[in-house]
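Worksheet: the structure to be examined is printed underneath.
The values are calculated or read from the model by the stated rules, or taken from the named source; none is laboratory data. The structure presented is a predicted model; accordingly, all values stated were derived computationally and were not measured. A quick note on method: Cβ atoms are made from the backbone with ideal geometry, for glycine too, and the neighbour counts reach across all protein chains shown.
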Amino acid sequence: IDGERYREVLGRALKRVAKFDPRFVVIALGFDTAKNDPTGSWNLSARDFELNGAMIRQQLQCPLLIVQEGGYRTRSLGINARHFFQGLTADISP
């Protein structure tokens, strides 16, 4: 699955969560969806993680707890995490 398709599904999920109107959300953030991760077959890039973070920021208006729970390619783990949090905190458009 590519980043665009991933965001289509993420968008639907975020709409359902927002409709529920939670007081807070816990996100299990896995970076094993990154391209070349040894445990996955996904193809997400650092830019995809940034856009995913931006979608979450734009659609969920509540406190978030992010728990990193996957990602095993140490060469890209930090880069992908940084991009996700940049998207989560910066004003960019997906």
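Restricting to the range 78-94, name every residue that is under 20 Å from V26 (Cα atoms) and surrounded by 13 or more Cβ atoms within 10 Å (Cβ to Cβ).
Scanning the range 78-94 gives N80, A81, R82, H83, F84, F85, Q86, G87, L88.
Can you pull out every residue in the range 36-55 that is surrounded by fewer than 16 Cβ atoms within 10 Å (Cβ to Cβ) and either among the basic types (K, R) or out of contact with any Gly (no Cβ under 9 Å at 6 or more places or on another chain) (or both)?
Step one: filter the range 36-55 for residues surrounded by fewer than 16 Cβ atoms within 10 Å (Cβ to Cβ), giving 36, 38-39, 41, 47.
If the condition is that a residue be surrounded by fewer than 16 Cβ atoms within 10 Å (Cβ to Cβ) and either among the basic types (K, R) or out of contact with any Gly (no Cβ under 9 Å at 6 or more places or on another chain) (or both), then N36, P38, S41, R47 are the ones that fit.
Just for the range 1-35: of the residues that are surrounded by fewer than 17 Cβ atoms within 10 Å (Cβ to Cβ), in a helix (DSSP H, G or I) and in contact (Cβ under 8 Å) with a residue 24 or more places away in the chain, which one is nearest to the chain's Cα centre (by Cα)?
Step by step, filter the range 1-35, then rank; the result is G11.
List pairs: first residue in the range 80-94 and more than 16 Å from L64 (Cα to Cα), second residue of a type in the set (D, E, K, R) and modelled with pLDDT of 95 or more anywhere in the structure, Cβ distance under 8 angstrom, at least six positions apart or on different chains.
Note: pairs meeting the criteria are H83/R47; H83/E50; I92/E50; P94/R7.
Looking only at residues that are assigned to a helix (DSSP H, G or I) and over 11 Å from the mean Cα position of the chain (by Cα) in the range 37-70, which one is farthest from R82 (Cα to Cα)? First the steps, then the outcome.
The initial filter retains those residues of the range 37-70 that are assigned to a helix (DSSP H, G or I), namely 46-59.
Narrowing the set further to residues that are over 11 Å from the mean Cα position of the chain (by Cα) leaves 58-59.
On the way: Q58: 18, Q59: 20 Å.
Restricting to residues being assigned to a helix (DSSP H, G or I) and over 11 Å from the mean Cα position of the chain (by Cα), the top hit is Q59.
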